[in-house]
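**Q** Quick one: this structure, given as structure tokens, is what I'll be asking you about.
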Amino acid sequence: MKTKDKGFNTKLIHAGEIEDHYGSATVPIYQTSTFKFKNAQHGADCFSGKSDGYIYTRIGNPTIRAFEKCVAELENGYDGIATSSGMGAITSVYMALLGAGQHIISSDAVYGPARGVLEQDFSRFNVEASFVNTSNPDEIISAIRPNTRVLYIETPANPTINITDIRECARIADQHKLLLVVDNTFCSPYLQKPLDLGADVVLHSITKFINGHADIVGGVIVTKEAEIYKKIRHCMVYMGCNMDPTQSYMVLRGLKTLGIRIERAQDNAMQIARFLESHPKVAWIKYPGLKTHPQHELAKLQMKGFGAMMSFGLTGGYEEGRKLMDNVNLAILAVSLGGVETLIQHPASMTHAGISKENKLAAGISDDLVRLSVGIEDAQDIIEDLEQALKTISNF
Ligand SMILES: *Cc1c(COP(=O)(O)O)cnc(C)c1O
């Protein structure tokens, strides 16, 4: 079925669908590593690109293609590239778009390893990286060097929930001939479509909202144009960051409910944010849906809703935050996010432990920051859980 002119929720169910021999209603798992050629000429044609037949699953597979085409439509992009993990997507993009002697500017508060791999590994190949507060466009402009090639942003950023103006970044990138890459994990295409706002590449950890059920790890990249697409696909295939057919099947299944999951999770998140905001033991809270969020107006402009991610600090600081995490019963103390279950974690000692204390502080990742990923349970139950856990801690 052609879904190009259909609504987002219809695309979630039908985009990327394939017609197979048996008339399968869902996309089956083609759990095969290799594909039969009809004859030697067909094999040669598949390799030369004259035939679009499948060759080998690292290069392509029908289940994986169905997922790639689906996400490409959801993001209004040229085409998609599925990867083994979100980091597989990020490193494939870095590898394809950067070379020795070139420079990347990135948000200072990004997913920890997306920064760590530049600082610890790409630096060994003379790739230079600067980390700035991309919420302030002046900081981006001052960081641009003659060898800058890529502007990489995450919005809302992990875990500070800072928001970066995608349109403004696209304008800066255009003016200085940089490629704009956006990690859209915290929003999913349901809430934010970076390519429509001028980005060249959008990527996701599909482990989070896109799959939504905390049962697989994966990633995906969508580009605006064919040329960049080819470069990134080449790196993904040669580095072997490919997704597996079963992973693709699982995410195609999880993806179908993205719209209704996000609607419910962000509805819960708003109620929880209001509860935390008015609680005397909560010192501060950052949620894009609250007027107190410094970029609440920008969030309204570039996001369709405020999402399900928030961070907060307690008046008792880190020690009391630890007690809170030890005393919740319903919320699960675990990293990751974007699933149907509510998760709570402490970035400074967990997801962002690999970043130096100095860099963490500069990026706004304070020791007292607790990150909450709101699930689709009943809001009242999540609030009661937080309330009883907050009762166990002291107020300073
Ligand atoms: C989790 C995450 C990643 C990394 O994804 P993996 O699937 O764990 O490799 C990248 N970016 C963001 C914003 C994330 O939350």
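The values are calculated or read from the model by the stated rules, or taken from the named source; none is laboratory data. In this text the structure is predicted, and so the values were computed from the model without any measurement. We place every Cβ from the backbone using ideal geometry, glycine too, and count neighbours over all the protein chains shown.
**Q** Where the second residue is crowded, with 20+ Cβ neighbours inside 10 Å and in a loop (DSSP other than H, G, I, E, B) and the first is in the same structural domain as Pro156 (by TED's automatic domain parsing) and of a type in the set (Phe, Trp, Tyr) and lies in the range 167-194, which pairs have Cβ atoms under 7 Å and are six or more apart or on separate chains?
**A** Phe186/Pro156; Phe186/Asn158; Phe186/Gly307
**Q** Considering each of Ser135, Ser85, Ser107, Ser92 in turn, give the residue that is more than 15 Å from the ligand (Cβ to nearest atom), crowded, with 18+ Cβ neighbours inside 10 Å and under 18 Å from Glu154 (Cα atoms). If you could, list the steps in order and put the result at the bottom.
**A** Details: Ser85 fails: more than 15 Å from the ligand (Cβ to nearest atom); Ser107 fails: more than 15 Å from the ligand (Cβ to nearest atom); Ser92 fails: more than 15 Å from the ligand (Cβ to nearest atom).
Every option except Ser135 fails the conditions.
**Q** Please specify each residue of the range 284-315 satisfying the condition of being at pLDDT below 95 and out of contact with any helix residue (DSSP H, G or I) (no Cβ under 8 Å at 6 or more places or on another chain).
**A** Answer for the range 284-315, where residues must be at pLDDT below 95 and out of contact with any helix residue (DSSP H, G or I) (no Cβ under 8 Å at 6 or more places or on another chain): just Thr315.
**Q** Same structure again: Where in the range 216-311 are there helices (runs of 4 or more DSSP H), lying fully within it, with 2 or more residues that are within 16 Å of the ligand (Cβ to nearest atom)?
**A** 226-239, 245-255, 258-277
**Q** A further question on this structure: Quickly run through the range 62-77 and pick out the residues that are in a helix (DSSP H, G or I), touching a Leu at 6+ places or on another chain (Cβ under 9 Å) and more than 16 Å from the ligand (Cβ to nearest atom).
**A** Step one: filter the range 62-77 for residues in a helix (DSSP H, G or I), giving 62-74.
Filter once more, so that each one left must be touching a Leu at 6+ places or on another chain (Cβ under 9 Å): 63, 66-67, 70-71, 74.
Thr63, Ala66, Cys70, Leu74, listed by residue number.
**Q** Next question, about the same structure. Which of the following residues is of a type in the set (Val, Ile, Thr), farther than 20 Å from Ser188 by Cα and in the same structural domain as Gly88 (by TED's automatic domain parsing): Ile285, Ile272, Ile232? Full working, then the answer.
**A** On the way: Ile285 fails: in the same structural domain as Gly88 (by TED's automatic domain parsing); Ile272 fails: in the same structural domain as Gly88 (by TED's automatic domain parsing).
Of Ile285, Ile272, Ile232, the one residue that is of a type in the set (Val, Ile, Thr), farther than 20 Å from Ser188 by Cα and in the same structural domain as Gly88 (by TED's automatic domain parsing) is Ile232.
**Q** Check Gly364, Gly354 and return the single one that is out of contact with any helix residue (DSSP H, G or I) (no Cβ under 9 Å at 6 or more places or on another chain), farther than 28 Å from Thr257 by Cβ and assigned to a loop (DSSP other than H, G, I, E, B). Outline the logic, then answer.
**A** Values: Gly354 fails: out of contact with any helix residue (DSSP H, G or I) (no Cβ under 9 Å at 6 or more places or on another chain).
Result of the check over Gly364, Gly354: Gly364.
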